[in-house]
Amino acid sequence: MNDDNLSKTLKIEIPRRNQKVLIANFYKTDVHQIKKPPLVILLHGFPGDKLEAGRFPPMAKKLNENSIDAVAIDFAGYGENEREPVLLSKQIENLEDVYKWAQNKGYSSIGTLGLSMGGITSLLADLPDRKVAVFWAPAFYMTKIVRKAGKSFAGFWFRVLKKPIRFSNKKHEKVTINQQFIDEIFQKPPEAIDVKLANFNTPALIIQGTTDLAVFPKWSKHAYSKMPQDEHHKIECVKRSGHGFRGDKLKQFIDHSMDMFKRYL
């Protein structure tokens with residue numbers, strides 16, 4: 001079966017609770033199934049988009065090859081969506097809206113894959129009956145990533161220059177943060193994240209590169225240690241992989257993810 005017959009990619013609009021929409025790529029398998037296939041929601045990091053620098057399409061393709069649909073969204077303020085300040089709370093709402101959309105489409109077996117900031121978004125969202133969660137180098141401890149120096153710089157910028165900070169991703173798309181973004185991050189201290197992890201009973205897999213300088217491996221190992229210690233929660237470390245993994249490293253991330261999705265979806 002060739003790729004053209006295996007799946008198709010559709011650009012769709014998913015409704016938000018504020019009457020706006022999220023632009024998404026819907027990777028739909030064409031393999032005939034008696035019942036609705038499973039679905040995986042792909043969640044990008046900061047300041048990425050629904051393609052995640054080319055990493056999400058091959059993940060979606062592998063899911064389709066295993067008769068699993070996938071949808072990769074642009075969070076509000078990213079990608080093809082209209083420009084608005086990025087907020088963690090807004091991303092959590094976005095994910096919950098996408099999850100509701102999926103349920104309304106008849107999907108009953110739903111999993112998530114969150115990269116970096118998409119990881120903490122996935123952790124904190126309320127997704128009833130989610131079957132499995134995969135985290136790629138998850139930015140659970142955003143306060144450690146931003147650090148006090150970053151908070152001080154941002155505070156100076158917003159207080160003195162009185163304008164948002166703009167970042168560009170690899171496609172030169174502008175992403176904007178404001179003071180509220182920083183304030184929200186520091187409302188999620190490590191201790192609060194640890195409590196959330198301890199109560200995260202959904203089957204979960206953390207995949208972490210050993211040479212990641214954005215999300216340090218020790219943070220993901222600590223996060224895993226706070227999760228329920230049972231057969232349904234795992235961590236996999238990819239040797240000599242950084243935060244911008246490609247090639248064989250990406251293949252390892254995908255292979256580990258598929259083992260989890262095939263087990264629980």
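The values are calculated or read from the model by the stated rules, or taken from the named source; none is laboratory data. It should be emphasised that the depicted structure is a prediction, and the values quoted were computed from it without experimental measurement. All Cβ positions, glycine included, derive from the backbone under ideal geometry; neighbour counts span all protein chains shown.
Within the range 210-227, residues that are over 11 Å from D194 (Cα atoms) sit with their Cβ atoms under 8 Å from residues that are basic (K, R) and in a loop (DSSP other than H, G, I, E, B), at 6+ positions apart or across chains, in these pairs: T210/K239; T210/R240; T211/R240. Give the number of residues within the range 147-187 that are surrounded by fewer than 12 Cβ atoms within 10 Å (Cβ to Cβ), at pLDDT 75 or above and either in contact with an Asp or Glu (Cβ under 7 Å, 6 or more places away or on another chain) or at positive phi (or both). Residues meeting the conditions: 1.
A Cβ distance below 6 Å, combined with a sequence gap of six or more or placement on separate chains, defines the contacts here; from the range 72-87, residues that are of a type in the set (S, T, Y) reach residues that are modelled with pLDDT of 95 or more in the pairs Y78/D49.
State all residues of the range 159-189 that are touching a residue at least 60 places away in the same chain (Cβ under 8 Å) and in a helix (DSSP H, G or I); if no residue qualifies, say none.
The answer is Q180, F181, E184, I185.
Every listed requirement among (1) within 24 Å of I110 (Cβ to Cβ); (2) surrounded by 13 or more Cβ atoms within 10 Å (Cβ to Cβ); (3) not basic (K, R) is met by A198 save one, (2).
Of all residues being touching a residue at least 12 places away in the same chain (Cβ under 8 Å) and out of contact with any helix residue (DSSP H, G or I) (no Cβ under 8 Å at 6 or more places or on another chain) in the range 10-20, which is nearest to V86 (Cα to Cα)? Just the residue, please.
Step one: list which residues in the range 10-20 are touching a residue at least 12 places away in the same chain (Cβ under 8 Å), which gives 10-12, 14-17, 20.
Checking which are out of contact with any helix residue (DSSP H, G or I) (no Cβ under 8 Å at 6 or more places or on another chain) leaves us with 10-12, 20.
Details: L10: 25, K11: 22, I12: 21, K20: 15 Å.
That would be K20.
Residue-wise test of (1) modelled with pLDDT of 95 or more; (2) more than 16 Å from the chain's Cα centre (by Cα); (3) assigned to a loop (DSSP other than H, G, I, E, B); (4) β-branched (V, I, T).
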position: E191; (1), (2), (3), (4): yes, yes, no, no
position: L205; (1), (2), (3), (4): yes, no, no, no
position: K221; (1), (2), (3), (4): yes, yes, no, no
position: I235; (1), (2), (3), (4): yes, yes, no, yes
position: G242; (1), (2), (3), (4): yes, yes, yes, no
position: Q252; (1), (2), (3), (4): yes, yes, no, no
position: F261; (1), (2), (3), (4): yes, no, no, no
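Determine whether the range 32-40 contains at least one residue that is more than 22 Å from M260 (Cβ to Cβ), surrounded by fewer than 20 Cβ atoms within 10 Å (Cβ to Cβ), without any contact (Cβ under 8 Å) to a residue 40 or more places away in the chain and aliphatic (A, V, I, L, M).
Residues of the range 32-40 more than 22 Å from M260 (Cβ to Cβ): 32, 34.
Those left that are additionally surrounded by fewer than 20 Cβ atoms within 10 Å (Cβ to Cβ): 32, 34.
This time we only want the ones that are without any contact (Cβ under 8 Å) to a residue 40 or more places away in the chain, so: 32, 34.
This time we only want the ones that are aliphatic (A, V, I, L, M), so: 34.
Yes, because at least one residue in the range 32-40 is more than 22 Å from M260 (Cβ to Cβ), surrounded by fewer than 20 Cβ atoms within 10 Å (Cβ to Cβ), without any contact (Cβ under 8 Å) to a residue 40 or more places away in the chain and aliphatic (A, V, I, L, M).
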